[in-house]
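Trainee: Below: one structure in structure tokens.
The values are calculated or read from the model by the stated rules, or taken from the named source; none is laboratory data. It should be emphasised that the depicted structure is a prediction, and the values quoted were computed from it without experimental measurement. Here the Cβ positions follow ideal geometry from the backbone for every residue, glycine too, while neighbour counts run over all protein chains shown. Surface areas here come from the heavy atoms of the whole protein model, side chains and all, with no ligands, DNA or RNA. Shrake-Rupley method; radii C 1.70, N 1.55, O 1.52, S 1.80 Å.
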Amino acid sequence: MSPPNNPIRLDSSDLYSPAVESYLDMQRAVRRDVGELDPQPLVIRVIYSSWFYLSIASAAGAVVAWAIMEPYYDDFEIPVGGMALVEFLLFPAVTGFIGLFLGAAEGIMCRNPGRAFICGVVGLGVGFAGGVLVEKPAQVIFTIMGVTAESFNEGGAEITGFALLILMMGRGAAWALSSLPAGLGQGIALKEKKVIMNGLVGGGLGGLLGGLLFDPIALIFTADDGQGDLSRCIGFACIGLLVGLFVGLVEGWTKTAWLMMRAGPLAGKQFVMFRDVTVLGSSPKADVYLFKDEDIEPQHARIHNRGGRFEIEDCDTPDGTYVNGIPVTRQLLNAGDQIVLGKTVLEFSIKSRD
């Protein structure tokens, strides 16, 4: 015989009883659902875009190199028996300081001075040494194109027309070769092949376009007395800016998955995940350095790339790791998922395979 079907009746005293309130408080404490977050202002998104801050940093590095070397450079000094030492060192100095500033930029933006120092020093060394190694081949390329340009010149001391175009192409090719080492520092310091490749491709493209602009800039900004100090400054700055710009753009073109900080001290910053295992934590050695949050452990969570599918793993932390407000131990991530660690909110994105 079935029991009588009596309805359960609740009154206001039941709904607002201490037991119900305690249960709701417990549920709110367990969840970390931050809801919809306002989009970051455009200016913040631009400032934290890698193409922006890398281009500014690289341009600054090139200008610093010019400022150091230019006092020793004279357009009218003709060395006896070959290239003057300052002329030989000028271009490696530019690529070296581009490498220094480019390597340090990411660490500075992430408030990680240790990473900035290591990547900057490696960037300076690799950029300068690489610039010395490719100096001769770059000079050979430019000399061949310069002689070719002279053969097409219609006369006069100033090269114009099609001859100028050939000269621009020669300088662009020479700077493309010279700029290859400039973007390698960060990738070598981090021992990350994808970052090395991004720096190599970005450095080559930026050097090529910057080199193409060098001679038109010289035509406009060379002084009446023939001194080209200002034109060199602007030309080197353009090369540096374009190297940094293309390193950042190539990173954006090749990225497959990334985290956007939606709430936290670097809200608006994007972290590209290059490695098979990406560590999130408050240690400066973490791949995603989350500082100024006492609830985040040195190694708080890891994101594993499992053949294009990304899984987040909590590192047995007291405060926990939350995905879309739910505490997780292991969880596959989908595009748009919100990851909460302490007071920091990260949004996971993955490039569509369509």
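Trainee: Does I296 fit the bill of being more than 22 Å from the chain's Cα centre (by Cα), open to solvent by 50 Å² or more (accessible area, probe 1.4 Å) and β-branched (V, I, T)?
Mentor: Considered against the rule, which asks whether it is more than 22 Å from the chain's Cα centre (by Cα), open to solvent by 50 Å² or more (accessible area, probe 1.4 Å) and β-branched (V, I, T), I296 comes out as no.
Trainee: Mind checking whether some residue in the range 158-171 is under 19 Å from G244 (Cβ atoms), assigned to a helix (DSSP H, G or I) and either in contact with a helix residue (DSSP H, G or I) (Cβ under 9 Å, 6 or more places away or on another chain) or open to solvent by 60 Å² or more (accessible area, probe 1.4 Å) (or both)?
Mentor: Within the range 158-171, none of the residues are under 19 Å from G244 (Cβ atoms), assigned to a helix (DSSP H, G or I) and either in contact with a helix residue (DSSP H, G or I) (Cβ under 9 Å, 6 or more places away or on another chain) or open to solvent by 60 Å² or more (accessible area, probe 1.4 Å) (or both).
Trainee: For the range 246-258, what are the residues that are under 14 Å from A176 (Cα atoms) and in contact with a Ser or Thr (Cβ under 8 Å, 6 or more places away or on another chain)?
Mentor: Once the filter is applied, which keeps residues that are under 14 Å from A176 (Cα atoms) and in contact with a Ser or Thr (Cβ under 8 Å, 6 or more places away or on another chain), the range 246-258 yields only V247.
Trainee: Checking the structure you have, find out if any residue of the range 324-331 is within 27 Å of the chain's Cα centre (by Cα) and either outside any loop (DSSP other than H, G, I, E, B) or surrounded by fewer than 19 Cβ atoms within 10 Å (Cβ to Cβ) (or both).
Mentor: No: the range 324-331 contains no residue that is within 27 Å of the chain's Cα centre (by Cα) and either outside any loop (DSSP other than H, G, I, E, B) or surrounded by fewer than 19 Cβ atoms within 10 Å (Cβ to Cβ) (or both).
Trainee: Continuing with this model, one more query. Assess whether G252 counts as being in contact (Cβ under 8 Å) with a residue 60 or more places away in the chain and assigned to a loop (DSSP other than H, G, I, E, B).
Mentor: Criteria not met by G252.
Residue-wise test of (1) of a type in the set (A, V, I, L, M); (2) over 23 Å from A93 (Cβ atoms).
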residue	(1), (2)
A173	yes, no
K194	no, yes
G203	no, no
L213	yes, no
D225	no, yes
I239	yes, no
T254	no, yes
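Trainee: Okay, next question. Do you know which residues across the range 218-249 are free of Cβ contacts under 8 Å to residues at least 24 places away in the same chain and either under 22 Å from K193 (Cα atoms) or charged (D, E, K, R) (or both)?
Mentor: Scanning the range 218-249 gives D224, D225.
Trainee: Condition test on S283, is it modelled with pLDDT of 95 or more, in a loop (DSSP other than H, G, I, E, B), of a type in the set (S, T, N, Q) and open to solvent by less than 70 Å² (accessible area, probe 1.4 Å)?
Mentor: On the way: modelled with pLDDT of 95 or more: yes; in a loop (DSSP other than H, G, I, E, B): yes; of a type in the set (S, T, N, Q): yes; open to solvent by less than 70 Å² (accessible area, probe 1.4 Å): yes.
Considered against the rule, which asks whether it is modelled with pLDDT of 95 or more, in a loop (DSSP other than H, G, I, E, B), of a type in the set (S, T, N, Q) and open to solvent by less than 70 Å² (accessible area, probe 1.4 Å), S283 comes out as yes.
Trainee: Got a number for residues in the range 332-342 being part of a strand (DSSP E or B) and either crowded, with 17+ Cβ neighbours inside 10 Å or in contact with a helix residue (DSSP H, G or I) (Cβ under 8 Å, 6 or more places away or on another chain) (or both)?
Mentor: At the first step, the residues of the range 332-342 found to be part of a strand (DSSP E or B) are 332, 338-341.
Filter again for either crowded, with 17+ Cβ neighbours inside 10 Å or in contact with a helix residue (DSSP H, G or I) (Cβ under 8 Å, 6 or more places away or on another chain) (or both), leaving 338-341.
Of the residues in that region, 4 qualify.
Trainee: Select from the range 291-315 the residues that are in a loop (DSSP other than H, G, I, E, B) and at pLDDT below 95 and write down the one among them that is nearest to M273 (Cα to Cα).
Mentor: Of the residues in the range 291-315, the ones in a loop (DSSP other than H, G, I, E, B) are 291-300, 307-308, 315.
Adding the requirement that they be at pLDDT below 95 leaves 291-295, 307-308.
Details: F291: 18, K292: 22, D293: 22, E294: 24, D295: 23, G307: 13, G308: 11 Å.
Of everything passing the filter in the range 291-315, G308 is nearest to M273 (Cα to Cα).
Trainee: Let me ask another. Would a scan of the range 266-277 turn up a residue that is touching a helix residue (DSSP H, G or I) at 6+ places or on another chain (Cβ under 8 Å), within 23 Å of M109 (Cβ to Cβ), open to solvent by less than 60 Å² (accessible area, probe 1.4 Å) and part of a helix (DSSP H, G or I)?
Mentor: no
Trainee: Can we say F236 is surrounded by fewer than 20 Cβ atoms within 10 Å (Cβ to Cβ), on the phi < 0 side of the Ramachandran plot and among the aromatic types (F, W, Y)?
Mentor: no
Trainee: All but one of (1) open to solvent by 20 Å² or more (accessible area, probe 1.4 Å); (2) within 24 Å of M145 (Cβ to Cβ); (3) modelled with pLDDT under 90 hold for G228, so report the exception by its number.
Mentor: (1)
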